[in-house]
Amino acid sequence: MYSESDLQAAVDAKVLTPEAALAFRTHIASVRAAPGADEESFRLITGFNDIFVSIAAVILLVAVGWIGASIHPALGGAFVAASAWFLAEYFTRQRRMALPSIVLVLAFSGGVFATMVGFLVKHGESIFGSDPGETTGAILIGAMALVTAGATWAHWKRFMVPITVAAGTAALAATAVAVVLAITGVPSPDGTLPMVLVLIAGLGVFALAMWWDRSDRARQTRRSDVAFWLHLLAAPMIAHPVFHLLGVTRGDDIGSGAAVMVVGIYVIFGLIALAIDRRALLVSALAYVLFAMTQLFREFGAVELNVALTAFVIGSALLLLSAFWQNARAAVVALLPDNLASQLPATVRTASAAAQG
């Protein structure tokens, strides 16, 4: 029910002493046979009231957006953004409700972007003509994404909701990709160039996520929650371009060589996930490895049961990995250089050694 950030907030507010908080964490780690960092916990729902408030907020935001759009296309997004900020003043700043805060952040960011889109829908043709061109379009998208990033930064400074950093980073990544596409103007009918740019941006987001992770290796503060959402953003930005460049997304059939390569890449993703103690890469790449395994079973003649066999193999492997995550992670981290391993969250072995010391 309570996250590490909640526990740290209690220490900061002097509700708990640091010693009491440490004793509590040690007790929970011993009960779970894993350090707290291995749980990869984050606040999403603290009670059914979170769901109740989120549903009510969505209904209200849809209503104000609809009313605004009936007046002017730009007002739909503007009304949503303004309403989301107003609601966040109470449900986020005062009540600190997790799920409603996430909904309101996304609504605010989307509302800001939709405001500019609505303005262009209404007045774009008179300003840029009926066909602004790909370069102008890319510049416009980049500019709107940059404005959205600035708005999310202001939201972060006011409310400090962890997912806000990921939302702003996504906007900045979209800005960078759009600007590069506008500058190069290189046609890419197969989508190779955009995918390469998204992959580079994803690696940048991953590096940023690791920076936040490194600043809180014990995962006891809000910084760990920020890193979680950044990893969740980076994972599809890395996984989708990689498998697109392999040709997995271009047809219903791939060769056995490509299928084996997909499985191999998934294993590499798994090793990285174990090392950094984040599971986002495994989840984001799951659909691709399921498809590749299905193709492999089909190649070996198991046509009728290929989907069932794939689900059985992958499901069993992920459950075993989850059950033995701490031990597997300890083995992977032990293979890394000491200077690199020291930057990662503690494993079961290092946590036990620290407790004995």
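The values are calculated or read from the model by the stated rules, or taken from the named source; none is laboratory data. Please read all numbers here as calculations on a predicted model, not as lab measurements. As a convention, Cβ positions derive from the backbone with ideal geometry for all residues, glycine included, and neighbour counts pool all protein chains shown.
At a glance:
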item	result
Residues (farther than 18 Å from P100 by Cβ and of a type in the set (F, W, Y)) located in the stretch 45-78	W66
Subset of the stretch 170-191 (residues that are out of contact with any Leu (no Cβ under 7 Å at 6 or more places or on another chain) and either among the β-branched types (V, I, T) or in a loop (DSSP other than H, G, I, E, B) (or both))	V179, I183, T184, G185, P187, S188, P189, D190, G191
3 or more residues within 30 Å of V180 (Cα to Cα), modelled with pLDDT under 95 and touching a Pro at 6+ places or on another chain (Cβ under 9 Å): qualifying helices (runs of 4 or more DSSP H) within the stretch 40-152	98-128
Residue among L208, L197 that alone is in a helix (DSSP H, G or I), without any contact (Cβ under 8 Å) to a residue 24 or more places away in the chain and touching a Leu at 6+ places or on another chain (Cβ under 8 Å)	L197
Selection count where residues are under 12 Å from A285 (Cα atoms) and crowded, with 24+ Cβ neighbours inside 10 Å, scope the stretch 215-236	2
Every residue from the stretch 226-236 that is in contact (Cβ under 8 Å) with a residue 60 or more places away in the chain and over 15 Å from G168 (Cβ atoms)	F228
Among the residues listed as A273, A287, A308, the single one being modelled with pLDDT of 90 or more and part of a helix (DSSP H, G or I)	A273
Single unsatisfied condition, Q326 versus (1) out of contact with any Asp or Glu (no Cβ under 7 Å at 6 or more places or on another chain); (2) modelled with pLDDT of 75 or more; (3) under 30 Å from W211 (Cα atoms); (4) surrounded by 11 or more Cβ atoms within 10 Å (Cβ to Cβ)	(1)
Pair list, Cβ under 6 Å, 6 or more apart: the stretch 90-116 residue over 10 Å from S54 (Cβ atoms), other residue of a type in the set (V, I, T) and in a helix (DSSP H, G or I)	V105/I163; V105/T164; A107/V80; S109/T148; S109/T152; G111/V80; V112/T148; F113/T148
Any hit, the stretch 255-267, residues being assigned to a loop (DSSP other than H, G, I, E, B), touching a helix residue (DSSP H, G or I) at 6+ places or on another chain (Cβ under 9 Å) and modelled with pLDDT under 90	yes
